[in-house]
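Written out below as structure tokens is the structure these notes cover.
The values are calculated or read from the model by the stated rules, or taken from the named source; none is laboratory data. Not measured: the values here are computed from a predicted model. Here Cβ is always computed from backbone atoms with ideal geometry, including for glycine, and neighbour counts include all displayed protein chains.
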Amino acid sequence: MKKVSTKNKLRLAVVIFVVTFSNSYAQLSPPGLGEGKNAAWFAFGVRQSLDSLKQKESTTYVGYGLKSSPDENNPFSKMAILVINEEISNRFKKNWEYSYALSYRRANNYDSDAPYAELNPAIEQEFRLYGRYSYITEGNGLKWKNTIRQEFRKFFNPDFSNAEENFQLRTRFKTQLSLDLGSSKTHHFIGGAEALFAISKENEPENEWSKFAYKESRFTLYYSISPHEIPFIFDVGYMYNLIGKGAAISDVNYLALDVIWKNPFGA
């Protein structure tokens, strides 16, 4: 696989991070799709207020991802993942929010060496539980949100037999900043930077624990529009995914589009 120099990767990551801090509303950010060159993510979600104060919300979405092999450019060439996700959030104080969620994911497995054919088994199933805890600061059209997210991920083969990786505990740290464009609060720029760390219990090659370690970083920049005339939010964005570290680092570029339907069952 063609590698970009670590120096250039880090330089680009810093540039994106700076851009995000001079720009979170509620985009449905792409999941990591593993090694590739380019990727695409599409999602449709429903966000429903659960109380009259609009502090509690339910967000349900279905998304799917496509990607290229590491040696090609077409981000739509291979199916990568199907995601079904349900999350409940509660803005319980002015600056504090928590959420909890359940997710099902069906990911396609490909060989890491050319010609990047499907592995056997070609599918890995994942059931995920996660919780977030966020501190939010906002004012003058800016919203800054810092989040810690803890995940439990359980993996299965297509027939629900044990996968190579039994389960994983993953910790994510994310900072996100959004900027309102104009007083109407219809147009927004949203940027984020996230670092992911994990430890896994393996089934193969041996039944043992891996080390808790840094895994990847994700940098996002979105443009969001939420017209007052219709109950929909439209988000289009870019994610830069740095996987690994040191000499083994690789990167993937994502194009992302999602649509969120607000309060279809009434506010």
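Structure above, values below:
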{"item": "Residue check for residue 113: of a type in the set (Asp, Glu), surrounded by fewer than 17 Cβ atoms within 10 Å (Cβ to Cβ) and modelled with pLDDT of 95 or more", "result": "no"}
{"item": "Residue list for the range 78-114, filter: under 28 Å from residue 124 (Cβ atoms) and not in a strand (DSSP E or B)", "result": "111, 112, 113, 114"}
{"item": "Residue 194, sole failed condition from (1) charged (D, E, K, R); (2) more than 17 Å from the chain's Cα centre (by Cα); (3) within 23 Å of residue 63 (Cβ to Cβ)", "result": "(2)"}
{"item": "Restricting the range 50-75 to residues that are within 19 Å of residue 27 (Cβ to Cβ) and in a loop (DSSP other than H, G, I, E, B), the residue that is nearest to the chain's Cα centre (by Cα)", "result": "75"}
{"item": "Positions within the range 124-160 being acidic (Asp, Glu) and outside any strand (DSSP E or B), in sequence order", "result": "159"}
{"item": "Residue within the range 128-149 that is touching a strand residue (DSSP E or B) at 6+ places or on another chain (Cβ under 6 Å), surrounded by 13 or more Cβ atoms within 10 Å (Cβ to Cβ) and at positive phi present", "result": "yes"}
{"item": "Residue within the range 70-78 that is modelled with pLDDT under 95 and surrounded by 19 or more Cβ atoms within 10 Å (Cβ to Cβ) present", "result": "yes"}
{"item": "Candidate set: the range 222-267, residues that are of a type in the set (Val, Ile, Thr) and surrounded by fewer than 21 Cβ atoms within 10 Å (Cβ to Cβ); chosen: the one farthest from the chain's Cα centre (by Cα)", "result": "230"}
{"item": "Residues being touching an Asp or Glu at 6+ places or on another chain (Cβ under 9 Å) and either acidic (Asp, Glu) or more than 25 Å from residue 166 (Cβ to Cβ) (or both) - total across the range 195-215", "result": "3"}
{"item": "Test: residue 163 is of a type in the set (A, V, I, L, M, F, W, C), assigned to a strand (DSSP E or B), touching a helix residue (DSSP H, G or I) at 6+ places or on another chain (Cβ under 7 Å) and over 21 Å from residue 100 (Cβ atoms)", "result": "no"}
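For every residue, the table says whether it meets (1) of a type in the set (Asp, Glu); (2) at pLDDT below 95; (3) under 18 Å from the mean Cα position of the chain (by Cα); (4) within 25 Å of residue 95 (Cβ to Cβ).
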position: 132; (1), (2), (3), (4): no, no, yes, yes
position: 136; (1), (2), (3), (4): no, no, no, yes
position: 141; (1), (2), (3), (4): no, yes, no, yes
position: 151; (1), (2), (3), (4): yes, no, yes, yes
position: 162; (1), (2), (3), (4): no, yes, no, no
position: 168; (1), (2), (3), (4): no, no, yes, no
position: 178; (1), (2), (3), (4): no, no, yes, yes
